Amino acid sequence: MFATSSRPLRLIRITLLLAAILGVAGSIGYSRQLARLRHTHAELREQVGLLDVEDPTKVAIASVSYLQEDIPPGVDQAYVWQYRIHIPANYGQRYKTQRGLVTADSPRGRGSSGGSWSGSNSQAEEVLVTIALIHADGKWMFCRTTGGSSSTATMPDEFVIDALEDLVIDVPVTPEQATRTFEIDEAICLFRLREKSLAKKRNGDPEADLYPGLVVYLYSDKHSDAFDTWARGKAGSMQEAMP
């Protein structure tokens with residue numbers, strides 16, 4: 001009688017134990033699957049740049065990884081920086097590049113300069129900006145691509161990159177960072193590369209706050225006059241030059 005009455009209890013215990021084992025196994029499997037999905041999400045986020053636009057009236061920038069296998073044949077060496085950028089409505093993109101001598105914290109400089117302009121769009125848009133330093137045929141080239149437009153320039157013969165660690169590089173956001181947001185009245189430094197030591201004058205004296213390098217800025221067409229005033233050294237910032 002005792003054995004007969006205990007058999008249902010054993011069956012219940014075995015059933016509960018199996019359920020617990022299956023539950024633990026399922027939990028482990030789910031955790032592993034979730035970890036794989038998170039890893040895949042992180043890789044995709046790094047590759048395509050997850051652009052979180054919380055306020056569409058502001059500029060938002062996310063970094064995009066560039067794969068080495070995307071570098072075309074014939075290129076000896078290349079360093080590439082890419083950004084996904086949310087451009088607010090009626091912003092009017094302007095890009096300014098300064099090569100030769102640049103400062104550590106402004107668009108002011110001396111040497112070659114260039115720029116491009118895109119008319120205001122009544123709707124917000126997203127653009128992909130690529131900035132690259134490419135070594136081919138014994139020379140370094142600087143390239144900037146924005147949407148469907150691009151510009152290329154040959155760097156001076158004395159421009160040599162042995163290692164990026166030997167230079168100072170400023171970027172608005174890195175692949176490890178989340179989306180960064182900027183006000184529309186800010187001038188955004190998309191890329192600054194300079195040597196660590198000040199440039200030298202012909203007599204050997206150091207230049208005043210000028211370093212060999214290059215810089216790329218993004219700013220709104222609405223503030224182009226203020227930006228130009230700042231770039232000429234007539235104001236301490238773009239905001240200071242605004243009416």
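Are there any trypsin sites (Lys or Arg not before Pro) in the range 143-210 that are in a DSSP loop and have at most 13 other Cβ atoms within 10 Å? List them by number. Kindly include the intermediate steps, with their values, before the conclusion.
Working: sites: Arg144, Arg180, Arg192, Arg194, Lys196, Lys200, Lys201, Arg202; in loops: Lys196, Lys201, Arg202.
Of the trypsin sites (Lys or Arg not before Pro), the ones in loops of the range 143-210 whose Cβ has at most 13 other Cβ atoms within 10 Å are Lys196, Lys201, Arg202.
Reported to two decimal places, what Rg/Rh ratio describes the range 89-243 when computed on Cα atoms with Rh from the Kirkwood expression?
0.97
Return the loop-located GluC sites (Glu not before Pro) in the range 127-230 (DSSP other than H, G, I, E, B) with at most 11 other Cβ atoms within 10 Å of their own Cβ; answer none if there are none.
Qualifying residues, ordered by number: Glu158, Glu176.
Using the Cβ atoms and a cut-off under 12 Å, what net charge is assigned to the surroundings of Tyr219, where Lys and Arg are +1 and Asp and Glu are -1?
Value of the local net charge: -3.
Each reported figure results from applying straightforward, stated rules to the coordinates on display, with no laboratory input. All figures in this text were calculated on a predicted structure; none of them were measured in a lab. In this analysis, Cβ positions are derived from the backbone assuming ideal geometry, glycine residues included, and neighbour counts consider all displayed protein chains.
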